[in-house]
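Accompanying notes for the structure given below.
The values are calculated or read from the model by the stated rules, or taken from the named source; none is laboratory data. What you see is a predicted model; the values in this text were computed from it and never measured. Cβ placement follows ideal geometry from the backbone for every residue including glycine, while neighbour counts extend to all protein chains displayed. Ligands, DNA and RNA are stripped out before the accessible areas are found, and what is left, the full protein with its side chains, is counted by its heavy atoms. Shrake-Rupley method; radii C 1.70, N 1.55, O 1.52, S 1.80 Å.
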Amino acid sequence: MIKKTLFILFAGISFAACTSTTVKEETETTVKDAETKVAETDAITGASSEPATVLAISKEEGLTKVSDFLKDCHPYFLATIENDAPAVRPIGIALNYDGKLWFHIGEQKASFRQIKNNPNVQIASINSKGQCMRIFGKAVIMDNDSVDKIVFDKYPNLKEMYNTGDKQKLGHFYISEGVANLPTDSGTVIVKF
C-alpha cells in the first residue's frame, strides 16, 4: 500500500513538472515570434521573478517612460557598493536632460566616492500608487555647467549648500546602459534607456 501511494505521488509530481515545462516551452516559442519578449528572470541580476515584458521601444522612449515614473516618486534610493557590500541611501533629484537620466549628490559624500570606485548602481523608487521601479546601470560622473544651472534654478536652496566659494560641490552622474523594471497597471515591463 505504501509503495503504491508513493508511486502515485511520484507520478503526480512528475506529471506536474512535465506539464509545467511544456507550458513554459510553448510560451517561450509563442513569445519568440512576437515583437516583445518575456523575461523569466530579473533584467540584470538573474533572480527569478514574475515574467516581465521587454518593451520594444527606442532608448529615448524608454528614458521618457522612466523619467515620467520618477516624477511621481520621492525620494529615490541609490544603492552603491562599499567594500563588497551594498550601501543604500535616499537621494532627491533626478533630471532627464540631453538624452540622459541625471542624479545628483555632494562630491564629499561616501556615495560619490563609491561610484568612482565601482560605477554599478541601482536606484529604487516608489510612486504614489505604491508601485516600485528599479533602475540598473553604470553611473557616469560628469561635470556639466548646464546641469548645474538647471538643478540650481529648480532647487534654489541648494545654492546655499553647494558650488559657491568654499562650500561643497554638487556632483552629477547619469545612468549609462540603463535598464528599468517599470511597473504598469498590467504588470512589470523592462525598459532600456
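Assorted remarks:
- Of the residues making up segment 143-183, those that are surrounded by 15 or more Cβ atoms within 10 Å (Cβ to Cβ) and among the hydroxyl-bearing types (S, T, Y) are Y155, Y162, Y174.
- The residues of segment 155-188 include none that are at pLDDT 95 or above and basic (K, R).
- Failed item in (1) out of contact with any helix residue (DSSP H, G or I) (no Cβ under 6 Å at 6 or more places or on another chain); (2) closer than 19 Å to L70 by Cα, with D148 passing the rest: (2)
- Whichever residue in segment 42-85 is among the β-branched types (V, I, T), at pLDDT 95 or above and surrounded by fewer than 18 Cβ atoms within 10 Å (Cβ to Cβ) and, among such residues, is farthest from P183 (Cα to Cα): I81
- Any hit, segment 114-131, residues being modelled with pLDDT of 95 or more, of a type in the set (D, E, K, R), over 21 Å from V189 (Cβ atoms) and surrounded by fewer than 19 Cβ atoms within 10 Å (Cβ to Cβ): yes
- Out of I105, I81, I91, sole residue that is in contact with a helix residue (DSSP H, G or I) (Cβ under 7 Å, 6 or more places away or on another chain) and either under 22 Å from P156 (Cβ atoms) or among the polar types (S, T, N, Q) (or both): I105
- Every residue from segment 86-112 that is surrounded by 14 or more Cβ atoms within 10 Å (Cβ to Cβ) and assigned to a helix (DSSP H, G or I): S111, F112
- Unique match (being touching a residue at least 12 places away in the same chain (Cβ under 8 Å) and basic (K, R)) among K116, K159, K149, K167: K116
- Selection status of T188, polar (S, T, N, Q), open to solvent by less than 70 Å² (accessible area, probe 1.4 Å) and part of a loop (DSSP other than H, G, I, E, B): no
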